Structures are given as C-alpha cells and as structure tokens.
Amino acid sequence: MKIIKLKDYEAVSQRASEFIIEQIKHKPNTTLGLATGSTPVRLYEKLIEAYEHKEISFKDVKSYNLDEYIGINRNHPQSYYQYMHKHLFSKIDMKDEHIYIPNNDIDQLEENAKKYNNALNKSFIDLQILGIGSNGHIGFNEPGTPFGKETFIVELDEQTRKDNMRFFNSLSEVPKYAITMGIKNIMRSKCIILMASGIEKADVIYEMIHGSVTEDLPASVLQLHPNVIVIVDEQAGSKL
Ligand code: GLP
C-alpha cells in the first residue's frame, strides 16, 4: 500500500484527480470504478474542470459504480443513479451506454445482481475509486462480508444507516438494503485509490492499514492487493 498524506480535503481531491486524469490520458478507453458518498464530490468537480479545459475526454471511458440503494427508485434524489448524474455524468461527455450502475428494480433484484456481476466479469476495472465507511465498509460490503463475495444484495449495518441519515429526513427513510459489488469484484481492479478525509475516519484508516486482515473490517482486505494508493488528509491520517 502506498500512503499519501496531504493537508486537507481539497489536496486529497486534487491528488486523486491527477491520478485519474493521467490514467485517461495514458489510456483513453479506461474503465473506472466509481464511488459515491461525500468524499469523491470534489474529485468529480475536478474531473469536470479537466474535461471543460479539454485536458481529457470521457467519450471512450467506461464506468462501473460500486453500489446502489434498494427501496428508493432511480428518480429519488438520494439514489446513487441521481448522485452520479448530478455530480459527474451530466457534465461530461460520457456515453450512456458506457455507464453501469447497479439496477435496483425491486422485482428482479437477484437477476440484476447476476447481470451486473456478469458485465463486471467481462470487463476489467483499470482504476477503482473507493471511500470508506466509519465501520470499515467499502462499497456496501459491511463487516462480516466474506472476502469471496461477488455482486450481492446486502442488509445495511445500523451504523451505516446512521452515518447516511444526514442525506435523508430521518433514519426511517434511510434504505435498509443495497446492491453492491463484492470484495472479490473490487479486488480484481488493476489499481485502487482509497480516499478519506476528516477526523471521524482516523481510527478506521489506522485499522485498515495496521490492523489484521479480517472480514470484520472489510477494507483491511486491501492490504492483500498489489496496487493500492491511500490518499488521506491530516485528520484522517492523524493516527498513522
Ligand atoms: C457510503 C458508500 C461508500 C462510501 C462510504 C463513505 O455509504 N456506499 O461507497 O465510500 O459510505 O461515505 P462518505 O464519503 O460520505 O464518508
């Protein structure tokens, strides 16, 4: 694992954007793995700036999102489908047919998970962006998830639902289930960049890097991946 500790959220976003921009310049038909949550918002703004300045084009880029809530439909403002269109896709030249986000259609969940997994397995993610949950989840792989899992339906942890309550009006509105890439899918990526900022991530970042590799802290599996870059700000990296 390569650890990069920078001053603040802005610097973390800047450095992560530089990796992605370089990757797309080097390989215009790059396949990205994309994350949601608060952490990558500024990164996406920086990618949009690079596109607007004609530094890069996304016309041949493909992307796979990590996860999607179940129980709210795609048009709900907090669906990850809406998040991705709002923060990135509506502002760049990605082709609709190159955008993969797990389909949360309630009638066909298992089938959709299988389809998403097949698409993922036919492709190869060059660069996967990750955030990290305060309980160590990546994507929505909650503590206890076997490392061998591929795309599946997950019941969200109480901690995760509480953490994500800030995006909803109340805890009861936060979805209880999600569809997520599994750890095995994430570990197939050629390169992984995990970003974290803020003091509330300090403990989990320490454990992910220095703790034992355990399914109780899903992100610890990244210690076994040959090409992981962890970019943290001073607060998230304060225990390192
Ligand atoms: C969410 C997402 C993750 C994200 C994590 C941290 O629930 N499923 O992909 O990395 O939690 O979110 P944040 O960046 O808002 O702290």
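When residue 73 is tested against the conditions (1) polar (S, T, N, Q); (2) under 18 Å from residue 231 (Cβ atoms); (3) outside any helix (DSSP H, G or I), the lone failure is (2). Within the stretch 86-98, residues that are in contact (Cβ under 8 Å) with a residue 24 or more places away in the chain have Cβ atoms under 8 Å from residues that are of a type in the set (S, T, N, Q) in these pairs: 93/57; 94/63; 98/63, counting only partners at least 6 apart in sequence or on another chain. Taking (1) in a helix (DSSP H, G or I); (2) polar (S, T, N, Q); (3) over 22 Å from residue 29 (Cβ atoms) in turn, residue 104 satisfies each apart from (1). Filtering the stretch 146-175 to residues that are more than 13 Å from the ligand (Cβ to nearest atom), outside any helix (DSSP H, G or I) and in contact with a helix residue (DSSP H, G or I) (Cβ under 7 Å, 6 or more places away or on another chain) leaves 147, 148, 149, 150, 151, 152, 153.
Here is the figure for the stretch 43-88: residues that are of a type in the set (Phe, Trp, Tyr) and under 22 Å from residue 9 (Cα atoms) total 4. The number of residues in the stretch 39-69 that are without any contact (Cβ under 8 Å) to a residue 60 or more places away in the chain, in a loop (DSSP other than H, G, I, E, B) and either surrounded by fewer than 19 Cβ atoms within 10 Å (Cβ to Cβ) or within 16 Å of the ligand (Cβ to nearest atom) (or both) comes to 6.
The residue list 208, 187, 181 contains one member that is within 12 Å of the ligand (Cβ to nearest atom), in contact (Cβ under 8 Å) with a residue 24 or more places away in the chain and within 17 Å of the chain's Cα centre (by Cα), which is 181. Please specify each residue of the stretch 190-201 satisfying the condition of being within 13 Å of the ligand (Cβ to nearest atom) and on the phi < 0 side of the Ramachandran plot. Result: 192, 193, 194, 195, 196, 197, 199, 200, 201.
Residues of the stretch 1-38 that are in a helix (DSSP H, G or I) and surrounded by 19 or more Cβ atoms within 10 Å (Cβ to Cβ): 9, 12, 13, 16, 17, 20, 23, 24.
When you look at residue 122, is it touching a residue at least 12 places away in the same chain (Cβ under 8 Å), loosely packed, with under 15 Cβ neighbours inside 10 Å, more than 14 Å from residue 33 (Cβ to Cβ) and basic (Lys, Arg), yes or no? Here the answer is no, as residue 122 does not meet what is asked. The set of residues in the stretch 21-38 that are touching a Lys or Arg at 6+ places or on another chain (Cβ under 9 Å) and more than 19 Å from residue 120 (Cβ to Cβ) comprises 21, 28, 38.
Which numbered condition trips up residue 143, out of (1) assigned to a strand (DSSP E or B); (2) touching a Pro at 6+ places or on another chain (Cβ under 8 Å); (3) of a type outside the set (Val, Ile, Thr)? Of the numbered conditions (1) assigned to a strand (DSSP E or B); (2) touching a Pro at 6+ places or on another chain (Cβ under 8 Å); (3) of a type outside the set (Val, Ile, Thr), the odd one out for residue 143 is (1). Only a single item in (1) under 17 Å from the mean Cα position of the chain (by Cα); (2) more than 28 Å from residue 163 (Cβ to Cβ) is not met by residue 53, and it is number (1).
Each reported figure results from applying straightforward, stated rules to the coordinates on display, with no laboratory input. Nothing here was measured: the structure is a model prediction, and the numbers come from that model. All Cβ positions, glycine included, derive from the backbone under ideal geometry; neighbour counts span all protein chains shown.
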